[in-house]
1. Could you check Val378 against (1) touching a strand residue (DSSP E or B) at 6+ places or on another chain (Cβ under 7 Å); (2) modelled with pLDDT under 90 and say which number it fails?
2. For the stretch 89-132, what are the residues that are farther than 24 Å from Pro162 by Cα, within 16 Å of the ligand (Cβ to nearest atom) and aromatic (Phe, Trp, Tyr)?
3. Going by the structure shown, is Leu123 assigned by TED's automatic domain parsing to the domain that holds Pro247, under 30 Å from Val376 (Cα atoms) and either surrounded by fewer than 21 Cβ atoms within 10 Å (Cβ to Cβ) or not β-branched (Val, Ile, Thr) (or both)?
4. Given the criteria at pLDDT 95 or above, assigned to a loop (DSSP other than H, G, I, E, B) and among the hydrophobic types (A, V, I, L, M, F, W, C), does Phe65 qualify?
5. Can you pull out every residue in the stretch 270-284 that is out of contact with any helix residue (DSSP H, G or I) (no Cβ under 6 Å at 6 or more places or on another chain), buried (at least 20 other Cβ atoms within 10 Å of the Cβ) and among the hydrophobic types (A, V, I, L, M, F, W, C)?
6. Give the residue, chosen from Asp206, Asp189, Asp230, that is touching a residue at least 12 places away in the same chain (Cβ under 8 Å) and in contact with a Lys or Arg (Cβ under 8 Å, 6 or more places away or on another chain).
7. Taking Gln151 as meeting all but one of (1) touching a residue at least 40 places away in the same chain (Cβ under 8 Å); (2) over 30 Å from Glu373 (Cβ atoms); (3) not in a loop (DSSP other than H, G, I, E, B), write down the number of the exception.
8. Any residue that is of a type outside the set (Val, Ile, Thr), at pLDDT 95 or above, out of contact with any Leu (no Cβ under 7 Å at 6 or more places or on another chain) and more than 16 Å from the ligand (Cβ to nearest atom) - is there at least one of those in the stretch 308-320?
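The values are calculated or read from the model by the stated rules, or taken from the named source; none is laboratory data. Remember, predicted model here, so these are calculated numbers, not experimental data. Positions of Cβ are generated from backbone atoms using ideal geometry, with glycine treated the same way; all protein chains shown enter the neighbour counts.
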Amino acid sequence: MCTTRPDDDPLAGFESRAVRAGQVRTDAQEQSEPIYPTSSFTFESAAQAAARFSGEDPGNVYSRFTNPTVRTFCDRLAALEGGQACVGTASGMSAVLATCLGLLQAGDHVVASRTLFGTTLSLLTKYLPRWGIEVSWVPLSDERAWADAVQPNTRLLFAETPSNPLNEVVDIRRLAEVAHAHEALLAIDNCFCTPALQRPLEMGADLVIHSATKYLDGQGRCVGGAVVGDAQRVGEEIHGFIRTAGPCMSPFNAWVFLKGLETLSLRMHAHSRNAQQVAEWLQGHPGVERVHYAGLPDHPHHRLAAAQQSGFGGIVAFELPGGREAAWRLIDSTRMLSITGNLGDTKSTITHPATTTHGTISDELRAAAGIREGLVRVSVGLEDPADIIRDLERGLG
Ligand SMILES: *Cc1c(COP(=O)(O)O)cnc(C)c1O
């Protein structure tokens, strides 16, 4: 599809691919990509229908299998991540689910970082064991712990870097070495950086998972997800699971995400610049105990993040000494920031992870993930950073 490109390819640059990769113009010669809101596709003859169903003719059959708008989105994201294949899913969670159920079976073992997104933690702790898939948990940045947790039946290493919401980072190249030394696969949830700031496949990861709901859309409109990787695992096995089980991406949502990709690089660098300003201001405020942002030189993973990412992203977390009461007071005193669990939007959002995104997991897992009662997470948007700071200042007073 889009892996090897000749030197004179006009789409060699990341931004060029973000704007144009995957577009197939119809006879109408449209400038912007069309939406195909159709559940099924028609055939010229019974023989063509038979060939399409058997897979002999690769054309469209039914939108649970393929849809041209979804395919354009997938081809574009694959070109940005540097993967051979990509599948679109109904949500980020169904991208995680399809990865696990498309590739694993009862008796297999997964090693995962403790700092995963709250619902991913729930999926892996509550449901995978019911299907006979065992999970071991390790601290994200402890490479030795990953290696020690691998067993003969380990098939998958699953990490989210940077982590939500503390911005912890793991060395993707080292983790890929650990996985491949044991013939396991490495999956990276690249939601926080997106391919504009980090490309895990280039560093040896086998699979990249996205919640397109976040930065790929970037304007808080649609729920969706994607998995990117090689033609066999993603194009055949994971796609096979999705077309059978059904958590496919809608063509309308695919079109929204496609338009989001066109401005991805611009937005991610602007989110990073604004977040840096907000983080530096918070760090200098006497009412703030600690700021978790990898763009700050005293963040424990600052150097690794600087080497592995081309920006530190838009998520800033910080701790207040007054626990839940102080955190809620700060959140309630904001006037511009949106109080919502979503992130990756042009609009800045603020949330209390311990009682929202990480509210349903056990106290033990929450403590292991470092989510304390005084922690507040801000997804720094694209408003004037001076206004974001002024809004936070109201509750810190
Ligand atoms: C939101 C999120 C998900 C889940 O995505 P949905 O689209 O909400 O299903 C997975 N991983 C990370 C890091 C997320 O932030």
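1. For Val378, the exception is condition (2).
2. Tyr127
3. Working: assigned by TED's automatic domain parsing to the domain that holds Pro247: yes; under 30 Å from Val376 (Cα atoms): yes; either surrounded by fewer than 21 Cβ atoms within 10 Å (Cβ to Cβ) or not β-branched (Val, Ile, Thr) (or both): yes.
Yes, satisfied.
4. Answer is no for this residue.
5. Residues of the stretch 270-284 out of contact with any helix residue (DSSP H, G or I) (no Cβ under 6 Å at 6 or more places or on another chain): 270-273, 275-276, 279-280, 282-284.
Going one step further and asking which of them are buried (at least 20 other Cβ atoms within 10 Å of the Cβ), we end up with 271-272, 275-276, 279, 282.
Within the stretch 270-284, Ala275, Ala279, Leu282 qualify.
6. Result of the check over Asp206, Asp189, Asp230: Asp206.
7. (3)
8. From the stretch 308-320, those of a type outside the set (Val, Ile, Thr) are 308-314, 317-320; that's our starting set.
Filter again for at pLDDT 95 or above, leaving 308-314, 317-320.
Still in the running and out of contact with any Leu (no Cβ under 7 Å at 6 or more places or on another chain): 308, 312, 314.
Still in the list and also more than 16 Å from the ligand (Cβ to nearest atom): 308.
The answer is yes, given that some residue of the stretch 308-320 is of a type outside the set (Val, Ile, Thr), at pLDDT 95 or above, out of contact with any Leu (no Cβ under 7 Å at 6 or more places or on another chain) and more than 16 Å from the ligand (Cβ to nearest atom).
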